[in-house]
Amino acid sequence: RNHIENWQVRWAERNGIPAGTPPGSPTSRATGYVRSISDNLFEPLTDRVKQQFIAGAGGELEAPDGQSGKMYAVYSSSALCVNLFHCWSRLLDVAPRNSSPAIGQLLAAFGLPARSVRSIDFEVPLIVNPHFKVAPHLDVQISFDSRQCQCAGIEAKFCEPYGDQKPGGLNPVYLRQTALWQNWPHVRAFAEALSPSDLTHSHLHAAQLVKHLLGLRKQYGTNFVLVYLWFDVPGAEAAALHRREIECFGEALKRDDIPFVSRTYQEVFEVLRDGNDGQSNPHITYLLERYMKGAPQGNKG
């Protein structure tokens, strides 16, 4: 995690972007925060997307204490997510659906079939039970004009799998949502092993993904695909363990015929780059320069 954070601070330095303590918190021990959110993004947030983040529960634009939120950090997962998806979200807002062939390119990067895309949204709440205090929030939701698959729900990670904090467990109240577990015996067994504490996973927040599954099923039945998007660190033992934990999670879903896709940011960026046929694209250039150039390599130490 420290390597990733320092690497992103160096990106800011190369581009003349000051990165220090969070704006409004000069005595904070945190570092790597930009002064203006625009310094951390490829393009400004549209009003619609800005309101989605304000309404969300993640404190991305503004922390609960009124100070600057998580998206101000150069190593922010939400900033990385926005830098990838926001461009297409904006295009869909102002142009006819799928007027840009790049939408198909984006879906292909995730191994998803070509479909008519209705919208791309951020911080989407998935109500599992209206009596629960906080609903799980998807990082990104791609909504389709399709009865067979109504959406791709995306959970995206950057530094999080590589921190010292172990993933939390699953609150037993989720296991009591009987109707949502119907015909999912393998995922149910997987979830039971996470409740109330997850003693199995060191890097994958499996309980969070299970909650997303229940929320997606509540909203869309079985007409969805869950996507896990993460940042790889080749050669790092933690990244290899993370990958194995993702594979085990995917096997449980496969046994219950639940569509699941795991992709690294690097895999997605490479497909976008190769699909650009060598033509200059400021968006793709930004992603490659910021998140691929000089990326950290791991070791087993």
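If Asp164, Asp93 are ordered by their accessible area, calculated over protein heavy atoms with a 1.4 Å probe, which sequence runs from highest to lowest?
I get Asp164, Asp93, largest accessible area first.
Keeping every protein chain present and rolling a 1.4 Å probe, give me the accessible area per residue for the chain in Å².
48
Taking square-rooted eigenvalues a ≥ b ≥ c of the alpha carbon gyration tensor, is segment 95-193 rounded, prolate or oblate, where a/c under 1.5 means rounded and, failing that, a/b exceeding b/c means prolate?
In terms of gyration-tensor shape, prolate.
Which order do Leu229, Leu92 take by accessible area at a 1.4 Å probe, largest first?
My answer, sorted largest first, is Leu92, Leu229.
List the trypsin sites (Lys or Arg not before Pro) within segment 205-301 that fall in a DSSP loop (any state other than H, G, I, E or B) and whose Cβ has at most 12 other Cβ atoms within 10 Å.
The qualifying sites are Lys293, Lys300.
Given charges of +1 on the Cβ of Lys and Arg and -1 on the Cβ of Asp and Glu, with all other atoms neutral, how large is the dipole of segment 9-64 about its Cα centre, in debye to the nearest 20?
About 160 debye.
Just read off the accessible area of Asp47 with the full protein assembly in place, 1.4 Å probe, to the nearest 10 Å².
Ignoring ligands and nucleic acids, Asp47 comes out at about 120 Å².
Which sequence of Thr21, Thr222 reflects their accessible areas, 1.4 Å probe, from the largest down?
Listed by decreasing accessible area, they come as Thr222, Thr21.
Let a ≥ b ≥ c be the square roots of the eigenvalues of the Cα gyration tensor of segment 32-183; is it rounded (a/c under 1.5), or, if not, prolate (a/b larger than b/c) or oblate?
oblate
Scanning the chain for helices, which whole DSSP H stretches are 15 Å or more long along the axis (Cα) and average 0.0 or more by Kyte-Doolittle?
77-94
Can you give the helix-only mean residue ellipticity at 222 nm for the chain, where every DSSP H stretch with n ≥ 4 adds -39500 (n - 2.57) and the sum goes over all residues, rounded to the nearest 500 deg cm²/dmol?
Calculated mean residue ellipticity at 222 nm is -11500 deg cm²/dmol.
Past 23 Å, Cα to Cα: identify those pairs from Lys50/Lys293; Lys50/Lys70; Lys50/Lys157; Lys166/Lys211, in the order given.
As for pairs spanning more than 23 Å Cα to Cα, those are Lys50/Lys293.
Are there trypsin sites (Lys or Arg not before Pro) in segment 126-188 that DSSP puts in a loop and that have at most 10 other Cβ atoms within 10 Å, and which ones?
Lys133, Arg147
With a 1.4 Å probe and every protein chain kept in, tell me what percent of the accessible surface of the chain is carbon plus sulfur.
Of the solvent-accessible surface of the chain, carbon and sulfur hold 49 percent.
The values are calculated or read from the model by the stated rules, or taken from the named source; none is laboratory data. All values reported here derive from a predicted model rather than from experimental measurement. Glycine gets a Cβ as well: all are built from the backbone with ideal geometry, and neighbour counts include every protein chain shown. Each accessible area value is taken on the protein alone, full model and side chains, heavy atoms only, with ligands, DNA and RNA left out. Shrake-Rupley method; radii C 1.70, N 1.55, O 1.52, S 1.80 Å.
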